[in-house]
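Trainee: Quick one: the structure is below, and I'll ask about it shortly.
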Amino acid sequence: AAGNVTPLTDGLQTASLRAVDASRSRLMNGLMIQPWHPFTPDSAQPLTPGKAVLVPVEVFPTSALIAKGHKLRVAVGASNLP
């Protein structure tokens, strides 16, 4: 079935700037739900080709009413694509 897609929120993160300041991040029940990134040259962390790293992404809070029969889609990608 064809339908419309309406983005609700998003997040974008550069892997080399993945450092997190835990003291400024938002936690819920001990789980970091909104990481705070300094985004400064001093916070840059090197990457090694072929080695996986954890990259905490801040997804900005939002709210929405999902109507009965509608679907909620979560899309994760490796680029800044619509």
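The values are calculated or read from the model by the stated rules, or taken from the named source; none is laboratory data. Since this is a predicted model, take the numbers as computed values, not measurements. Quick note on the areas: whole protein, heavy atoms, side chains included, nothing else; ligands and nucleic acids left out. Shrake-Rupley method; radii C 1.70, N 1.55, O 1.52, S 1.80 Å.
Trainee: Here are several values of mean projected area of the Cα convex hull in nm²: (i) 7.7; (ii) 6.7; (iii) 8.1. Which one was derived from the coordinates shown?
Mentor: (iii)
Trainee: Also: How large is ³J(HN,Hα), in whole Hz, for each residue of region 45-57 in order, when computed from phi with the Karplus curve 6.51 cos²θ - 1.76 cosθ + 1.60 and θ = phi - 60°, using x for Gly and Pro?
Mentor: Rounded to whole hertz, the list is 10, x, 10, 10, x, x, 9, 6, 9, 7, 10, x, 10.
Trainee: Given the protein chains as shown and a 1.4 Å probe, how many square angstrom of Leu12 are accessible, to the nearest 10?
Mentor: Roll a 1.4 Å probe over it and Leu12 shows about 120 Å².
Trainee: Report, by chain and number, residues whose modeled amide H sits under 5 Å from the one on Ala19, excluding near sequence neighbours (fewer than 5 apart, same chain).
Mentor: Gln45
Trainee: Rounded to the nearest 10 Å², what accessible area does Thr40 show when all protein chains are kept and the probe is 1.4 Å?
Mentor: Looks like 60 Å² after rounding.
Trainee: From the backbone phi of region 27-43, what are the Karplus-calculated ³J(HN,Hα) couplings (6.51 cos²θ - 1.76 cosθ + 1.60, θ = phi - 60°) in whole Hz, Gly and Pro given as x?
Mentor: Whole-Hz 3J(HN,Hα) from phi for region 27-43: 10, 9, 6, x, 9, 6, 9, 8, x, 10, 9, x, 6, 10, x, 5, 8.
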